[in-house]
Amino acid sequence: MTKIHEGFIFFLNCTWGIIQSSIGFFLFIGFIDKPHFWHKGSIVTVGATRKGMKIKGGVSLGLFIFITHDIKKEQINKSSLVKHEYGHVLQSILLGPLFIPVAGLPSLIWARFFAGWRKKHKRDYYSFYTESWADMWGDARE
């Protein structure tokens, strides 16, 4: 990916995706003490967790990606979790202000409130439309 493409992704998430990028920015400030890496026009924060947090995995808000476990900089391009969350970054560019109602909230609800249902019905987390779409666009399941 060229620097022009990365700049374009950054620019679109700071304009068309300003709502989710603004929310992501405030979360970024909350994790300012954690390591951050530039990744294809987005900012990846690793080890984004605090004592007592129960969330595991990752979340993407506009141009910001937050991963709860530590990943070394050289592992960023190989991590299927980072690739998946990057797929959400691309969704943010496509959907702009519709990202939160079309992808963000459904993804959050699927992750947070349907874990028991998924286990009972043997449904893969990534079978949900927002997650399979993010996998496809982020090349997470090569």
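The values are calculated or read from the model by the stated rules, or taken from the named source; none is laboratory data. Here the structure is a predicted model, which is why all the values come from computation and not from measurement. Ideal geometry is used to build each Cβ from the backbone, glycine not excepted, and the neighbour counts take in all protein chains shown.
Quick look at the numbers
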{"item": "Selection from region 55-65 of residues that are under 20 Å from ILE109 (Cα atoms) and in a loop (DSSP other than H, G, I, E, B)", "result": "ILE55, LYS56, GLY57, GLY62"}
{"item": "Region 5-47: number of residues that are in contact with a Phe, Trp or Tyr (Cβ under 6 Å, 6 or more places away or on another chain) and at negative phi", "result": "6"}
{"item": "Residue that is nearest to PRO101 (Cα to Cα) [pool: residues in region 32-55 that are among the basic types (Lys, Arg) and surrounded by 15 or more Cβ atoms within 10 Å (Cβ to Cβ)]", "result": "LYS40"}
{"item": "Yes/no for ILE29 being free of Cβ contacts under 8 Å to residues at least 40 places away in the same chain, of a type outside the set (D, E, K, R) and loosely packed, with under 14 Cβ neighbours inside 10 Å", "result": "yes"}
{"item": "Odd one out for VAL44 among (1) part of a loop (DSSP other than H, G, I, E, B); (2) β-branched (Val, Ile, Thr); (3) within 25 Å of PRO106 (Cα to Cα)", "result": "(1)"}
{"item": "Test: residue in region 10-25 that is of a type outside the set (D, E, K, R), in a helix (DSSP H, G or I), touching a helix residue (DSSP H, G or I) at 6+ places or on another chain (Cβ under 6 Å) and under 13 Å from GLY138 (Cβ atoms)", "result": "no"}
{"item": "Any hit, region 107-125, residues being assigned to a helix (DSSP H, G or I), in contact (Cβ under 8 Å) with a residue 60 or more places away in the chain and either small (Gly, Ala, Ser) or in contact with a Ser or Thr (Cβ under 7 Å, 6 or more places away or on another chain) (or both)", "result": "no"}
{"item": "Matching residues, region 64-99, being among the β-branched types (Val, Ile, Thr), surrounded by fewer than 23 Cβ atoms within 10 Å (Cβ to Cβ) and out of contact with any helix residue (DSSP H, G or I) (no Cβ under 6 Å at 6 or more places or on another chain)", "result": "THR68, ILE71"}
{"item": "Residue under evaluation GLY7, criteria (1) at pLDDT below 90; (2) surrounded by fewer than 16 Cβ atoms within 10 Å (Cβ to Cβ), criterion not met", "result": "(1)"}
{"item": "Unique residue being in contact with a Gly (Cβ under 9 Å, 6 or more places away or on another chain), among the aliphatic types (A, V, I, L, M) and touching a residue at least 60 places away in the same chain (Cβ under 8 Å) when the list is VAL89, VAL82", "result": "VAL89"}
{"item": "Selection within region 66-105 - outside any helix (DSSP H, G or I) and touching a Lys or Arg at 6+ places or on another chain (Cβ under 7 Å)", "result": "THR68"}
